[in-house]
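What follows is a short report on a single structure.
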Amino acid sequence: MPSIVPPSADYHRVAVPRTRPLPKGLDALAQSAVGLAGRASRRHARLTASVDRVVGQAPELEALSDRHLRERLQDFRERVRRARLHPARRAAVIPDALAGIREAARRTVGLEPFPVQLLGALAMDRGMLAEMATGEGKTLTAALAATLAGWSGAPCHIVTVNDYLAQRDAEWFAPFYRFCGVSVGYVTSALDPAARRKAYASDVCYTTSKELLADFLRDRLHLARVPEPERRLLRALLAPRSVTADGLVMRGLHTALVDEADSVLIDEAVTPLIIARRRPNPLLRDACAAARAIAEDLQPGRDYTVDLRYREIELRPEGEAHVDALAQTLPAIWRGAARRKELIQQALTARELFLRGRNYVIQDEKAVIVDEFTGRIMPNRTWSEGLHQAIEAKERLDITEPDETLARLSFQRFFRLFSRLAGMTGTAREATGEFWRIYRLPVLAIPTHRPCIREVAPDRLFLDAESKWAAVATEVGRIHAAGRPVLVGTRSVAASEALAGRLEALGLEFNLLNAVRHAEEARIVAEAGLEGRITIATNMAGRGTDIKLGRGVAASGGLHVLATERHESGRIDRQLFGRCARQGDPGSAQAFVSLEDEILVRFLSAPVRAGLARALAASPASARRPVAAAVRSAQAAAQRLAYRQRRSVLATDTWLDESLSFAPDAA
């Protein structure tokens, strides 16, 4: 017989707070001013004093037996739980509790948190975003903060960037959590509903943003008949057995600790997550195939124009006339002027703007999306509004049935539903204002445990992509000959495979890590610091796995990171460079840039690129400054566009909230 859910527990797992509307006009300026005032050094000074208090208790706690330490931790657990609704009382007990947690970490997993990790944990416990450099131990920092959150009795979710890290971290720190009296679980894409329900029932649950939001939406769909917690509570009181095995897997939203918060809360915020089901539509499938045939006869410049900056296709009069002449080849429902134009534009978008090896790969005769920001494949995701079918038609694959949307929600809106939101990342300062405006998350910069001695060389500049890639291969060979390891960062699967071919031609051995070749990601990244090792990686570059230097590598200069292209966001460049020179190790980094790189082609005008080409051809040394300025200008333009897209998503969320009468999950 299924267990009966207590009415109070059911209320908490079903209740979803409504997000407060974002301020506008003068209110927005006032909120920004409050955020600026709050970023003063007072926060850092207060937390540093608490860290000193934590560290000062180490000798006393080290002298305790395991039994006495557990008893002390149990006492702290109860005090933290009782003080849950009293912030002042909770803040008073947290430093002493964290001292006990620190000692538990040393005994169970052999890691003694550094003061900077304690500072990061306290910052997250206060609802801040801790900016911690790569290699500073964010995994342990999150576990410290999660223990404090888990003691409250409310659900605590640690959001990581992939399934591997969610499972690895939960299993790695399981002895630590058990010692502290905290249950831990993890949710990955491979788990069935029963396993998910068990994991979410834990005090602390590791998962990814996509799995967490998908489970939330699926739960809301299960609640479609009686979504209001008050009505469910009344029903449970009148008929207790009616609220039993109702298909829900989560136990509510309360605390979220987001790792790599810039990626989750900023980069991924543009695209909403959609729960859908397949719906047969043979007319659309036939139309996509016919549209591909028509689009193949159209020529860029003559029949249509491509706007790379805004990723849009516009038919010219010549193209429209050609489409009109072939309209009879389309299914009848698609022959109307507006509908056939939309269909052909979709086919051209698939051809011109969604590229194999960059936006998707072909696996098992299927088009599989590649995440633009992480470089990882997303096998269970599809593009909406017929775009996925247009890409399948372009690649001459079997065209799948389109999806019918059942529920959708943006990550921006979802994470604003949490009562307590905090996180950490190595690159937050570029988006400090946005973190505050959207999520009310203040950013606290955490100093490194040891001084960073990374050497960053000026960008090397090239007129065209061919000369750049030839120079990249030569540079990799030169560094390898010196015995140093080198990590080469590429933006796409196609670029990584092309570079691999060049290195093979030079007789160089390497490890290749991309969306297609990712089975041994953790091992490849962990070994990237060994003597003479060459590693080619897309943006996935093993986030969450430290690159430790092999024997003798530090004496030769440490790991060298070579970026083969600048990204739209300077944060991603910094993330890649941050793979070297961790924890005071030596290391160096450099970017190779050509005037044919996507960011420059997309965000700089043709006359500006022509002027840069003339300057670079005349004197590469004197062209360094104007090219660097052009790269910064292109990145700034890209970030402005991305911010406008995120604002548009927020506007859509707000409109749905105001226009639709049902609960926020239906948006």
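Values in this text are rule-based calculations from the coordinates and carry no lab data. This structure is a prediction, so every number in the text was calculated from the model and none was measured. Here Cβ is always computed from backbone atoms with ideal geometry, including for glycine, and neighbour counts include all displayed protein chains.
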Give me the one-decimal nm value for the distance between modelled label points at residue 306 and residue 75, 7 Å along each residue's Cα-to-Cβ direction. 7.0 nm
If packing is taken as the mean number of other Cβ atoms within 10 Å per residue, what is the order of 106-116, 556-566, highest first? 556-566, 106-116
What lysines sit close enough to residue 548 to cross-link, taking a C-alpha to C-alpha distance under 28 Å and skipping anything fewer than 8 places away on the same chain? 138
Let me make sure I get this right: for segment 453-594, a, b and c are the square roots of the gyration tensor eigenvalues over alpha carbons, sorted descending. Under 1.5 in a/c it's rounded, otherwise prolate if a/b > b/c, else oblate. Which is it? rounded
Taking a straight Cα-to-Cα line shorter than 15 Å from residue 394, and setting aside same-chain aspartates and glutamates fewer than 8 residues away, one finds 286, 296, 297, 352, 365
When we measure straight from the Cα of residue 198, which lysines land under 25 angstrom away, once same-chain ones fewer than 8 places off are left out? 210
Please say if segment 280-401 is rounded, prolate or oblate, where rounded means a/c under 1.5 for a ≥ b ≥ c the square roots of the C-alpha gyration tensor eigenvalues, and otherwise the choice is prolate for a/b larger than b/c and oblate otherwise? oblate
Starting with the fewest neighbours, write out 254, 86 ranked by other beta-carbon atoms found within 10 Å of each beta-carbon. 86, 254
Could you work out how far apart the two model spin labels at residue 224 and residue 498 are, taking each label as a point 7 Å from the Cα in the direction of the beta carbon, and quote it in nm? 4.7 nm
Starting from the Cα gyration tensor of the chain, take the square roots of the eigenvalues, sort them a ≥ b ≥ c, and report rounded, prolate or oblate (rounded when a/c is under 1.5, otherwise prolate if a/b is larger than b/c, else oblate). oblate
Suppose only helical runs count, i.e. DSSP H with n ≥ 4. What mean residue ellipticity at 222 nm does that imply for the chain under -39500 (n - 2.57) per run, divided by all residues and rounded to the nearest 500 deg cm²/dmol? -15000 deg cm²/dmol
So for each of 137-146, 476-485, 50-59, 610-619 I average, over its residues, the number of other beta carbons within 10 Å; can you give me the resulting order with the highest mean first? 137-146, 476-485, 50-59, 610-619
So how strong a dipole does the chain carry about its Cα centre when Lys and Arg Cβ are +1 and Asp and Glu Cβ are -1, to the nearest 20 debye? 1980 debye
Any idea how far apart residue 365 and residue 478 come out in nm if each label point goes 7 Å out from Cα toward Cβ? 4.8 nm
